[in-house]
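Here's the structure we're looking at; comments come further down.
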Amino acid sequence: MKGAYYEGNKRFSVGESKIVPPGPGEVRMKVAYAGVCGTDLHIYLGHMDQRVKVPQVVGHEASCEIVDVGEGVTDFKVGDHVVLRPTDACGKCPTCERGDINVCPSINFIGITSPGAFQGSWTVPAHLLHKLPASINMVHAALIEPLAVACHDVRFGEVTDKDYCVVIGAGPIGVLEALVCREKGARVVMSEVNPARVKLVAEMGFEVVNPAETDLVKYVMDATGGDGADVVFEVTGSQAGAEMMTKLPRTHGRIVIVAIFAEPKMIDLRTILWREYTVVGARNYVKQDYEEAIRLVASGNLPLDKIVSDVRPIDRVQETFEQIASGSANFMKVLFSCSD
């Protein structure tokens, strides 16, 4: 089995996956499929070199099978299909004591600050695992981590079946958020400028507006009788998205900031005050978000096959990141097959 090691300076090397025997409270897993996340792209581009100890295996979206269990592990056994919730909080700080473990200041985000999923063999703490129903195939299971992000975001947006939602940005997280909102019965409109993504989300049955061609504010206001959206999700991390998110909600509307902004952006604080918006940041996930994501995947209601653009051997890791970074391929989500 192989592993992909981030070497710094936009380079990956592929070598043998290190077999690390599980210690007390740990399991060793065979990684079936691992997805490329936007965070992984940030790592590749060098934006997170202060957190990654090179050479290091990265990646945190994965479907796995347990092949060995350490001392004291009783909830899991060899052969179980699982996914990992990769946020390992310290459990001792005031933030953790309040139960806000997903935003622990000392969090070990597995796949960033410790070895991740782009490898055939992966040893991790058992308390972060979620067992999968037998009905979930392993390709779809590799989407549970980003789907849990979407479940967390939608929960923070307090979305109901009475809501009109706008998702700014139709990347993987934006599409998954739209799917979760639709599962809750909400009406969803997506905003996207990439023609390939516009076409894809339209094929999924979503209303989609290209703001380069259509006035998005007018579209939303016409659709809501001049009122505005109940919930707006900002998923682009762009200045245009930061500006648009305050123009779309109704009075007392809700804005959920999902994107990781690489640098501060100008936003319209006056409108937030004047219309009494609720603005929340939504980061990572907690156990209940994973459980909801697993339930949604097991339901079979989500068109997950449309989200997976390609499944590739781990040997193609360098080529894949170069293509994603350059925009030369219109990927939605690429998975690496790690156990071949």
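Values quoted throughout were computed directly from the atomic coordinates according to the rules given, and no laboratory measurement underlies them. Keep in mind that this is a model prediction, so the values were computed, not measured. Positions of Cβ are backbone-derived with ideal geometry, glycine not excepted, and every protein chain shown enters the neighbour counts.
Going by a ≥ b ≥ c, the root eigenvalues of the Cα gyration tensor, does the stretch 149-281 fall in the rounded group (a/c under 1.5), the prolate group (a/b larger than b/c) or the oblate group?
The shape class here is rounded.
Taking 7 Å along the Cα-to-C-beta vector as the label spot, tell me the residue 330-residue 9 distance in nanometres, rounded to one decimal.
Roughly 3.6 nm, to one decimal.
Can you pick out the pairs among 18/53; 247/306; 184/247; 18/92 whose Cα atoms lie more than 19 Å from each other?
Violating the 19 Å limit, Cα to Cα: 247/306; 184/247; 18/92.
Name the residue, out of 302, 41, 273, whose mean-square fluctuation peaks in a Gaussian network model built on the chain with Cα pairs under 10 Å.
Evaluated over the chain, the most mobile residue of the options is 273.
Is the shape of the stretch 261-334 best called rounded, prolate or oblate, per the rule: a/c under 1.5 gives rounded, else a/b larger than b/c gives prolate, else oblate, with a ≥ b ≥ c the square roots of the Cα gyration tensor eigenvalues? The partial results should precede the final answer.
Working: a/c = 2.72, a/b = 1.41, b/c = 1.93.
It comes out oblate by the Cα gyration axes.
Projected onto the charge dipole of the chain (+1 at Lys/Arg Cβ, -1 at Asp/Glu Cβ, origin at the Cα centre), which of 272, 244, 210 gives the Cα projection farthest towards the positive end?
Positive-end residue among those listed: 272.
If you take the square roots of the eigenvalues of the alpha-carbon gyration tensor of the stretch 1-134 and sort them as a ≥ b ≥ c, do you get rounded (a/c under 1.5), prolate (a/b over b/c) or oblate? Intermediate results must be reported in sequence, preceding the final value.
Details: a/c = 1.89, a/b = 1.12, b/c = 1.69.
Cα axes put the stretch 1-134 in the oblate bin.
Please compute the length gained on full extension between residue 268 and residue 54, using 0.36 nm multiplied by the number of residues separating them and subtracting their Cα-Cα distance. Before the final figure, lay out the partial values.
On the way: separation 214, 0.36 × 214 = 77.04 nm, distance 4.00 nm.
Here the segment from residue 268 to residue 54 would lengthen by 73.0 nm.
Remind me, relative contact order of the chain in percent, using alpha carbon pairs under 8 angstrom and six or more residues apart?
20
For Cα pairs less than 8 Å apart in space and 6+ apart in sequence, what is the mean separation divided by the residue count of the stretch 209-291, i.e. the relative contact order in percent?
25
Assuming 0.36 nm per residue, please report the length gained on full extension of the stretch residue 162 to residue 100 beyond their Cα-Cα distance.
Values: separation 62, 0.36 × 62 = 22.32 nm, distance 2.87 nm.
Full extension from residue 162 to residue 100 adds 19.4 nm.
Of [x] 1.07; [y] 1.00; [z] 0.97, which one was derived for Rg/Rh (Cα atoms, Kirkwood Rh) from the structure shown?
[z]
Given labels modelled 7 Å from the Cα in the Cβ direction, how far is it in nm from residue 19 to residue 92?
Roughly 3.4 nm, to one decimal.
Among bridges DSSP assigns within the stretch 212-315, what percent are antiparallel (round to 5)?
0
If you filter the stretch 249-340 for GluC sites (Glu not before Pro), then keep DSSP loop positions with at most 15 other Cβ within 10 Å, what is left?
The qualifying sites are 276.
If you wrap a convex hull around the Cα atoms of the stretch 234-287, how much volume per residue is inside, in Å³?
82
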